[in-house]
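Notes to accompany the following structure.
The values are calculated or read from the model by the stated rules, or taken from the named source; none is laboratory data. This one's a predicted model, so the numbers in the text were calculated from it and none came from an experiment. Note that each Cβ is placed from the backbone with ideal geometry, even for glycine, and that neighbours are counted across all protein chains shown.
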Amino acid sequence: MTDDDPDAATDADADAPDAAGEGDTAVRRDRFSGGPAREFLSSLAADAAIFEADLAVDRAHAVMLAEQGIVDDAVAGEILAALDGIETAGHGDLSDGEDVHEAIETAVIDRIGPDGGRMHTARSRNDEVATCIRYRLRGDLLAAVEATLTAREALVEVANEHGETVMPGYTHLQPAQPTTVAHYLLSYEGGLARDTERLLDAYGRVNRSPLGAAAFAGTPFDVDRGRTAELLGFDGTVRNSMDAASTRDFLAESASALATLATTLSGLAEDLIVFSNKGIVELADAYSSTSSIMPQKKNPDTLELTRGVAGDAIGEATGTLSLLKGLPRAYNRDLQRAHASVFEIAGDVREATEVAAGAVATADWDEGALAAAAGEGFSTATGVADLLAAGGMPFRTAHEIVATAAETVSDGDSPDAAAAKVDEAARKVTGEPLSAYVSREDVASALDPAESVASRDSAGGPAPEAVADELAAAEAGIESDEAALAAERDALADASDTLDAEVDRYV
């Protein structure tokens, strides 16, 4: 994936090698070209993920070398034309090599002769690979951001349809208090909004160019690091050359942001699996599966896999940090193993996000079953305690009264019957009837799940008016983040167009 080869970054190319012979590469010749460990050292197959990135980095570097007068324009043109041919042939056409960087350089030399070796002037594979990783990873992060926006839009759309649909709320998987489908779904929109923010924050630190750091100690050539950063669409450079070539903290941060997103999705998936089991939500067939032997089954398989992706993502974040924790400055070959699986988990988490969004958007929320379940387990008890406290009773006393009533209230009781049992409990605990504080009618109203929800109109609460404010805020947040995503993508597209135009000047 890279080397620890300062000579490759600082030697002039007057003594560039001839075209590589059979079995030779641009870097490893004679003494270091064979042996049983060659295959173990090679990352060429895994480097398919950064093939396009490497070509872009090579082009920007070659253009800069020409602009700085380090390489003749004609030679730069030959190098750039060779890179075009290599891109057309594809990664699979590369000869065996230690990594994609070496294989591409070898291919350039094979195509144009010794002058192809000038492409690597003022550069090491250390800063080259670090740049390629960042170039590729930023695209993965923006794809993940887009997926979170799609999921947030799905949550908001369904929430808009169910602002008054009462449903049970749980703590410890036990009936706790009634809420609404909209309030529940917006709780996940809030989590995904923070996931979007984390990914964009990580993107900002990924989008810095290490190119020009060479092996780690810079180069005596008059390179323009800002120019290559501009041509590749980076927002700037990683200032210190040792830090630029060796750090992979951006991988750890990205993996952690992806793992946090996957954890949010895992919670949503688990909820929907449980709700499906309870019969209050039905997933669309497109997001379900059946048994190979039990034809009556409808299983939430896609959500189980979504839940499983979180384990992989957490493992990747932990693995990346574990790999990095004991490494000294500057470059160590361990880093070759640091990024390929981050690319893979980025794709898995993005796909899981898209699946979760689709499952939410197409699910059927059974309003009748939800309403029936909303009052189970005396879930409006807290509302009664709040009502008594508002009527002047100490909350802890109210809590004791309702807890006493809970021993006798059953799911089949009408609000009036349940209110009578609360009155009995009040007399038992305080020696006074409920009427000393509140009316029996108000207690019966508080015991109704819909009325209980409507009373909870504090900011961020489940009452329809409060949910309407949440929906408006969520929609504004999505719009803002969509604009941020579009701006980043436009900047990358503009840089790509600029690089193409500069390349055309030489080819």
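Among the residues of region 116-135, those that are buried (at least 24 other Cβ atoms within 10 Å of the Cβ) and among the hydroxyl-bearing types (Ser, Thr, Tyr) comprise 124, 131, 135. Within region 182-194, one or more residues are closer than 20 Å to residue 376 by Cα, in contact with a Gly (Cβ under 6 Å, 6 or more places away or on another chain) and buried (at least 20 other Cβ atoms within 10 Å of the Cβ). If only residues of region 420-441 that are of a type in the set (Gly, Ala, Ser) and not in a helix (DSSP H, G or I) are counted, the one that is surrounded by the fewest Cβ atoms within 10 Å (Cβ to Cβ) is 431. If you go through region 188-209 and keep only what is assigned to a helix (DSSP H, G or I) and touching a strand residue (DSSP E or B) at 6+ places or on another chain (Cβ under 9 Å), you end up with nothing. Does region 139-161 contain any residue that is crowded, with 21+ Cβ neighbours inside 10 Å, of a type in the set (S, T, N, Q) and within 23 Å of residue 82 (Cα to Cα)? No, the conditions are met nowhere in region 139-161.
Just one of the listed residues (265, 231) is surrounded by 24 or more Cβ atoms within 10 Å (Cβ to Cβ) and either in contact with a Gly (Cβ under 6 Å, 6 or more places away or on another chain) or not assigned by TED's automatic domain parsing to the domain that holds residue 184 (or both), namely 231. Scanning region 67-96 for residues that are within 25 Å of residue 219 (Cβ to Cβ) and touching a helix residue (DSSP H, G or I) at 6+ places or on another chain (Cβ under 6 Å) turns up 71, 73, 75, 76, 78, 79, 80, 82, 83, 86. Per this entry, residue 146 is not counted among residues that are at pLDDT below 95 and assigned to a helix (DSSP H, G or I). Going residue by residue through region 310-327, is there one that turns out to be touching a Phe, Trp or Tyr at 6+ places or on another chain (Cβ under 6 Å) and either among the β-branched types (Val, Ile, Thr) or under 28 Å from residue 141 (Cβ atoms) (or both)? No, that holds for no residue. When the helices (runs of 4 or more DSSP H) confined to region 358-409 are screened for residues that are out of contact with any Pro (no Cβ under 7 Å at 6 or more places or on another chain), touching a residue at least 60 places away in the same chain (Cβ under 8 Å) and over 30 Å from residue 302 (Cα atoms), those reaching at least 3 such residues are found at 381-390.
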